[in-house]
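Data first, discussion second: the structure below is written as structure tokens.
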């Protein structure tokens, strides 16, 4: 018996009551039939199908019985027609709910009886995935407690999760045959992701999937389709034109005999690829456009992953920020010409304070104060840190505005992220340690979340970003 049938069996009385209401009384009730079950076989998404006797607008209001009708939430409105599909996303497992249906037929408004259902338990494979520890939740910022975290499982079957500060899974989506290698929450309130198989490197894939919070596919592109001809990795996001940006593997056949290599050899570099939503190339850039690999004294050691780009974002002026793990640098690129504007890090063009001796940066971005912020793995010192810098491009200088030394026991040599939640709290993901922490600027742990999976990074989502589909 599949998940949908099992759920309908448990909730069959709702279906029967709806028929009784539709068939009894004076016949003035516009609702003919109600069916209830799981949307896409997902235990945290409830689907209600409503048939009406005449075209009408249909909305469903629902609430947890423990909170009462005063806490009710409204679904999206299904406009016109006689067949209506309504999906609830703000569902807790194993919880009693009530709902009623609002119809509007040419200005004639009606409210149905109140019906009840009990949501299902989470599947066994989703239980005990997250455990939070906090000695004083009252001291946590309200913004954090009302927000959520997006993370991913990279191995098959892939999972994308949205979790609240108590470690409760509030949303999930599973894909068979591939893993969610990278996930990103967009301004369109969708989840944009790179999918890849287990035999592809950890943050590398060959498919792009975009989902809305109902769990429905908005966009799907696969390597070999259109101009997506490359393996993609580490980053996926949208620009202001709603185009897709990602990092790709640029593999070049080269003569390395002049530096002690083979006459016919391969160097794997990185590039930026922008696609429209049909998979057509809009813009492309490669590190080979601006760097000569033969001038790199470490090339024979790093040729299989020459520079290892691992994050891509936008500066305040919409030019690109890109970080490279292997060379310990962050670059700013002109988003039109691809020319390097500056390099930050060892051997870079921006002067840095001695204290900012980062070696492997991740998740480079502009924080709410307009400063450049990133997570430093800190392999050389075996100490992971968070930096924010105020840059003066004219003077080519950088000043530290935030420097956090994370506790040595959560040192993280690969992956990781750091995002500012409030002026005094920062959310840091220590991927290899399977722990995400909220710290103050002194590095004191205020809260931590232990995860069963090592997420590549953890994105923080405000309540406004996921409303109305999820609520704290």
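The values are calculated or read from the model by the stated rules, or taken from the named source; none is laboratory data. Note that the coordinates shown come from a computational prediction; the quantities given were computed from them, not determined experimentally. When we count neighbours, we look across all protein chains shown, and the Cβ atoms used for this are built from the backbone with ideal geometry, even at glycine.
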Residue 374 versus (1) part of a strand (DSSP E or B); (2) under 22 Å from the mean Cα position of the chain (by Cα); (3) farther than 17 Å from residue 346 by Cβ: which is the lone unmet condition? (3)
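Conditions tested, residue by residue: (1) modelled with pLDDT under 95; (2) within 20 Å of residue 89 (Cα to Cα); (3) touching a helix residue (DSSP H, G or I) at 6+ places or on another chain (Cβ under 8 Å).
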{"site": "1", "(1), (2), (3)": "yes, no, yes"}
{"site": "14", "(1), (2), (3)": "yes, yes, no"}
{"site": "43", "(1), (2), (3)": "no, yes, yes"}
{"site": "54", "(1), (2), (3)": "no, no, no"}
{"site": "61", "(1), (2), (3)": "no, yes, no"}
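Looking only at region 70-89, count every residue that is assigned to a strand (DSSP E or B), within 27 Å of the chain's Cα centre (by Cα) and more than 19 Å from residue 171 (Cβ to Cβ) and tell me the total.
At the first step, the residues of region 70-89 found to be assigned to a strand (DSSP E or B) are 73-74, 78, 83-88.
Then drop every residue that is not within 27 Å of the chain's Cα centre (by Cα), which leaves 73-74, 85-88.
Within this subset, residues satisfying the condition of being more than 19 Å from residue 171 (Cβ to Cβ) are none.
Final tally of qualifying residues: 0.
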Scan region 91-107 and give yes if some residue there is modelled with pLDDT of 95 or more, out of contact with any strand residue (DSSP E or B) (no Cβ under 6 Å at 6 or more places or on another chain) and assigned to a strand (DSSP E or B), otherwise no. yes
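Is it true that residue 348 is surrounded by 16 or more Cβ atoms within 10 Å (Cβ to Cβ) and at positive phi? Give the derivation first.
Values: surrounded by 16 or more Cβ atoms within 10 Å (Cβ to Cβ): yes; at positive phi: no.
Answer is no for this residue.
Kindly establish whether residue 268 is surrounded by 15 or more Cβ atoms within 10 Å (Cβ to Cβ), in contact with a helix residue (DSSP H, G or I) (Cβ under 9 Å, 6 or more places away or on another chain) and over 30 Å from residue 470 (Cβ atoms). Before the answer, list the steps.
Working: surrounded by 15 or more Cβ atoms within 10 Å (Cβ to Cβ): yes; in contact with a helix residue (DSSP H, G or I) (Cβ under 9 Å, 6 or more places away or on another chain): yes; over 30 Å from residue 470 (Cβ atoms): yes.
Yes; evaluated as a whole, the condition is true for this residue.
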Is at least one residue of region 125-141 surrounded by fewer than 16 Cβ atoms within 10 Å (Cβ to Cβ), farther than 18 Å from residue 445 by Cβ, out of contact with any strand residue (DSSP E or B) (no Cβ under 7 Å at 6 or more places or on another chain) and modelled with pLDDT of 95 or more? no
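Considering each of 179, 167 in turn, give the residue that is assigned by TED's automatic domain parsing to the domain that holds residue 206, within 19 Å of residue 430 (Cβ to Cβ) and either modelled with pLDDT of 95 or more or over 17 Å from the mean Cα position of the chain (by Cα) (or both).
On the way: 179 fails: within 19 Å of residue 430 (Cβ to Cβ).
After applying the criteria, what remains is 167.
Restricting to region 335-365, count the residues that are in a loop (DSSP other than H, G, I, E, B) and within 16 Å of residue 271 (Cα to Cα).
Number satisfying all stated conditions: 5.
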Quick one: which strands (runs of 3 or more DSSP E) sit completely within region 125-190 and have at least 2 residues that are under 25 Å from residue 210 (Cα atoms)? 148-153, 158-163, 169-175, 179-185
